[in-house]
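Reviewing the structure listed below.
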Amino acid sequence: MGRAAHDRMANAIRALAMDAVEQAKSGHPGLPMGAADIATVLFTRFLKFDPADPRWSDRDRFVLSAGHGSMLIYAVLHLLGYETVSIEQIKRFRQLGAITAGHPEYGHVPGIETTTGPLGQGLANAVGMAIAERHLAAEFGAEAVDHHTFVLASDGDLMEGVSQEAIALAGHLRLAKLIMLFDDNGISIDGALSLSDSVDQLRRFEACGWSATRIDGHDPEAVAAAIAWAKSNDRPTLIACRTTIGFGAPTKAGTKDSHGSPLGADEIKGARERLGWTSPPFEVPADIRDAWRAAGQRGRPDRLAWDKRIAGMAADKRAEFDRRITGNLPEAALAAAVRGLKEKLAAVPKEIATRVASEHALEALTAAVPEMMGGSADLTGSNNTRPKGMAALSAALPGGRFIHYGIREHGMAAAMNGMALHGGVIPYSGTFLVFSDYSRPAIRLAALMGQRVIHVLTHDSIGLGEDGPTHQPVEHLAALRAIPNLLVFRPCDTVETAECWELALRARTSPSALALTRQNLPQLRTAFTPDNRCAAGAYELVPAEGGHAQVALFASGSEVAIAVEARKLLAARGIPARVVSVPCFELFESAPADARAAVIGAAPVRVGIEAAIRQGWDAIIGSDGAFVGMTGFGASAPAKDLYRHFGITAERAAEAAVTALTKLSKR
Ligand SMILES: Cc1ncc(C[n+]2csc(CCOP(=O)(O)OP(=O)(O)O)c2C)c(N)n1
């Protein structure tokens, strides 16, 4: 392609971007106009994809990490011939009901792998995608899995802390098929980057084990040469592409004024003149459209050849590959594993911590579900996420299933999102519940994007003991429960732990968090039940005896055993009480109203028990219910002493019930 043809193709992106932002009266023209040359080279000469099959599993992945530049990807997809991204959709950029959202996440537009509004996330997602690619290639061979992951990142992406975690991990794992195109325009919202940053990015990336180069991002041949070089590298590559933000805009190019607001009619007129773009808004000349469409057809032969290779695979290997890529679970094996676990526990009950119960569950589940990939942020022995025999993934052994993420909770959670978005693997990993604060932004995005990632969060209360209040979560359960579409499980014993694991795996479009104890807990579910009782979210564990329940005790996790003891104390005083285990608020909330009402029951007094703050419990116990839990931070002491000190005991729970009953009788 000659330079003139390239320029006209890139200008089509620029024109669509400035016109769409103008029409929407909001958006970010600067990045698409500045990065148009990079995108044109990448999409017309390198990226492997087929608009006729956007979900083709061996396509190259492209992540626009700087999601605010979304008009770049919409314009490109439209020009390439992705049918859903019609000109009508571009005209309705950022409007209610349009697929062209301001910051598109996953799932709205075919062809968009993910773009992240919160800067830095997409970059870390790309690292996870590259990990998944390496892993699946090791398992199924290059004839099935052999693609690159490209990410376009901005200054903001590289300034965010999560980027450091992600690039360090990528360099360490030598993810050679990961290529980062850095839109090196030196401008952010406040103005010149020099206001707040003086990092030498090339040396930074090199120090993290990457190859790095800087080029003129408006020179298509330089971009092409750099990408070709990057593809031949044995390590991940940073291509810093020097660009001018808002390229083409007569007065706003190179300034913050082109970053995040419409250019205005005069500026757009001037840009059209400068770029030699004579078409009216939203119109693309036929020859340019044809050139883009032709580029969109480039990948078709590759895809057809891939189809053939897959069709030629041994039948059982092919079936397994298809199953993994579609995300279906091995139903029979999973059901048998869970049943086997529960039968064993019914025969020989165990008094162990739920984190240990989780390890036992993982031994059975990871054997049955080979797409599960474990990990931990340097707390492997504490999180119990590495079942015996699970090999560690490394640069030399990409087929390993356990990832030592290092002390990088945020990067870990964001990489897990990328792995899930890539498909073919189910990532789970661990840290302490209290450090979910460090991974929260990525957990939130997993929930928003409907991705199946599973966070094992151990040391889930003051029950962790001597490490003290910095390590003791008190508000974290409430904070996680506040995230829509996140399933927060807090199982009370070994059986519930197995059941919650099964539910997390079956939640195709929700991430899960499993809050697990450090301390031992008695097994409360001693009788075998084939059904998954935790699926209801809450259920009656022990009924009232000696008449209608006067008291209902609701608890989760380690406090369910306390509720069971409190019930005995109440029984001794002639007060019938029932115990309801509440392993998952979200599943309970989604149950039908009559089922919910039946579980809540008619006892005049309701008591909630959880070694955490009350927030959220009123939905179950009512605002007039009694709550036994935490009201502030914990302390450093052995767990048993802390439970006594903070009054989270059976005696206190029974007392609270009696006090409430007495109050009622006086009314
Ligand atoms: C985590 C996070 N913090 C803040 C923002 C708001 N924000 C959007 S773009 C941006 C910076 C823009 O600079 P740059 O990344 O260089 O993009 P460019 O100006 O080149 O388009 C900021 C702070 C965000 N999207 N995410």
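Please give me the summed charge of the neighbours of Trp277: other residues whose Cβ is under 9 Å from its Cβ, Lys and Arg +1, Asp and Glu -1. Present the calculation step by step, with values, prior to reporting the outcome.
Details: positive: Arg8, Arg14, Arg272, Arg274; negative: Glu273.
The answer is +3.
The stretch 474-522: which trypsin sites (Lys or Arg not before Pro) are DSSP loop and have at most 14 other beta-carbon atoms within 10 angstrom? Please list the in-between numbers first.
Values: sites: Arg481, Arg506, Arg508, Arg518; in loops: Arg508, Arg518.
Loop-located and lightly packed - Arg508.
Expressed in nm to one decimal, what extension gain is obtained for the pair Ser194 and Ser394 from 0.36 nm per residue of sequence separation less their Cα-Cα distance? Walk me through the numbers on the way to the answer.
On the way: separation 200, 0.36 × 200 = 72.00 nm, distance 3.74 nm.
Contour length minus Cα-Cα distance gives 68.3 nm.
Annotation: per residue accessible area for the stretch 1-152 equals 26 Å², rounded to a whole number [probe 1.4 Å, protein chains only].
Taking 7 Å steps out from each Cα toward its Cβ at Asp467 and Asp437 produces label points 1.4 nm apart. Name the residues of the stretch 512-543 whose amide N is less than 13 Å from a point 7 angstrom out from the Cα of Ala346 along the C-beta direction? Hits in the stretch 512-543 for Ala346 at 13 Å: 525-533. Within straight-line reach of Lys342, meaning a Cα separation under 17 Å, sit the following lysines at least 8 residues removed in sequence or on another chain: Lys350.
Can you give the calculated 222 nm mean residue ellipticity of the chain, where each DSSP H run of n ≥ 4 adds -39,500 (n - 2.57) and the sum is split over every residue, rounded to the nearest 500 deg cm²/dmol? Mind dumping the intermediate values first?
Working: 26 runs with 291 residues, N = 667.
Counting only the DSSP helices, I get -13500 deg cm²/dmol.
Packing-based ranking of 623-630, 198-205 yields 623-630, 198-205, ordered from highest to lowest mean Cβ neighbour count within 10 Å. Net charge in the neighbourhood of Asp234 (other residues with Cβ under 12 Å of its Cβ; Lys, Arg +1, Asp, Glu -1) is +4. Close amide H pairs (under 5 Å, H built 1.01 Å from N) link Leu516 with Leu457, Thr458, His459, Asp460, residues at least 5 positions away or on another chain. Under 5 Å between amide hydrogens, built in the peptide plane, is the criterion, and for Ile609 it picks out Phe554, Ala555, Ser556, Val628 among residues at least 5 positions away or on other chains. The charge dipole of the stretch 489-529, taken about its Cα centre with unit charges on the Cβ of Lys, Arg, Asp and Glu (plus for the first two, minus for the last two), comes to roughly 120 debye.
Please go through the stretch 72-109 and write out the GluC sites (Glu not before Pro) that DSSP classes as loop and that have at most 15 other C-beta atoms within 10 Å. Walk me through the numbers on the way to the answer.
On the way: sites: Glu83, Glu88, Glu105; in loops: Glu83, Glu105.
Qualifying residues, ordered by number: Glu83.
What FRET efficiency do you get for Phe633 and Arg3 if R0 is 60 Å and r is their Cβ-Cβ distance, rounded to the nearest 0.05?
Values: r = 64 Å, r/R0 = 1.06.
Efficiency, rounded to the nearest 0.05: 0.40.
Among rounded, prolate and oblate, which fits the stretch 301-386 when a ≥ b ≥ c are the square roots of the eigenvalues of its C-alpha gyration tensor, a/c under 1.5 means rounded, and a/b larger than b/c means prolate? It is oblate, given that a/c is not under 1.5 and a/b is not larger than b/c.
Per-residue extension of 0.36 nm, minus the Cα-Cα distance of Ala138 and Asp641, leaves a gain of 176.1 nm for this segment. Quick one: pull the percent of accessible area on the chain belonging to carbon and sulfur, 1.4 Å probe, ligands and nucleic acids left out. Carbon and sulfur together cover 53 percent of it. The angle between the Cα long axis of helix 315-326 and the longest principal axis of the Cα atoms of the chain comes to about 90 degrees, rounded to the nearest 10.
Computed from the C-beta positions of Ala286 and Arg323 and an R0 of 41 Å, the FRET efficiency is 0.40 to the nearest 0.05. Charged neighbours of Pro511, selected by a Cβ distance under 14 Å, balance to +4 (K, R count +1; D, E count -1).
For the stretch 578-595, putting each phi into the Karplus relation 6.51 cos²θ - 1.76 cosθ + 1.60 with θ = phi - 60° gives couplings of 10, 10, 10, 8, 10, x, 7, 3, 5, 5, 5, 4, 8, 6, x, 4, 5, 5 Hz, in residue order, rounded to whole numbers and with x for Gly and Pro. In the structure shown, the pairs Lys48/Lys177; Lys344/Lys568; Lys25/Lys252; Lys25/Lys91; Lys48/Lys308 are assessed against 19 Å; a Cα-Cα span above that value is assigned to Lys344/Lys568. Farthest toward the positive end of the dipole of the stretch 500-548, out of Leu514, Thr529, His548, is the Cα of Leu514, where the dipole comes from beta carbon charges about the Cα centre. Note on the stretch 169-229: with charges restricted to the Cβ of Lys and Arg (+1) and Asp and Glu (-1), its dipole about the Cα centre is near 400 debye. Projecting the Cα atoms of Ile90, Ser439, Ala364 onto the dipole axis of the chain, where Lys and Arg carry +1 and Asp and Glu carry -1 at the beta carbon, places Ala364 farthest toward the positive end. When both bridge partners sit in the chain, DSSP labels roughly 10% of those beta bridges antiparallel.
For the stretch 540-598, the list of GluC sites (Glu not before Pro) that fall in a loop by DSSP and count at most 15 other C-beta atoms within 10 angstrom reads Glu545.
Angle of helix 650-666 to the longest C-alpha principal axis of the chain, folded into 0 to 90 degrees and rounded to 10: 80°. Overall, the chain carries a charge dipole of about 840 debye about its Cα centre when +1 sits on the Cβ of Lys and Arg and -1 on the Cβ of Asp and Glu, all other atoms neutral.
Taking Cα atoms only, the orientation of helix 3-24 departs from the longest principal axis of the chain by about 50 degrees. With both labels modelled 7 Å from their Cα along Cα-to-Cβ, the Arg55 to Thr84 distance reads 1.0 nm. In order along the stretch 272-284, phi translates into HN-Hα couplings of 4, 5, 4, 7, x, 9, 9, 6, x, x, 6, 10, 10 Hz, rounded to whole numbers, per the Karplus curve 6.51 cos²θ - 1.76 cosθ + 1.60 with θ = phi - 60° and x for Gly and Pro. Projecting the Cα positions of Ala396, Gln164, Val338 onto the charge dipole of the chain (unit charges on Cβ atoms of Lys, Arg, Asp and Glu, taken about the Cα centre) puts Val338 furthest along the positive direction.
The values are calculated or read from the model by the stated rules, or taken from the named source; none is laboratory data. Keep in mind it's a predicted model, so treat the numbers as computed, not measured. Cβ coordinates were reconstructed from backbone atoms using ideal geometry, including for glycine residues, and neighbour counts include every protein chain displayed. Just so you know, the surface numbers come from the protein's heavy atoms only, side chains and all, with ligands and any DNA or RNA stripped out. Shrake-Rupley method; radii C 1.70, N 1.55, O 1.52, S 1.80 Å.
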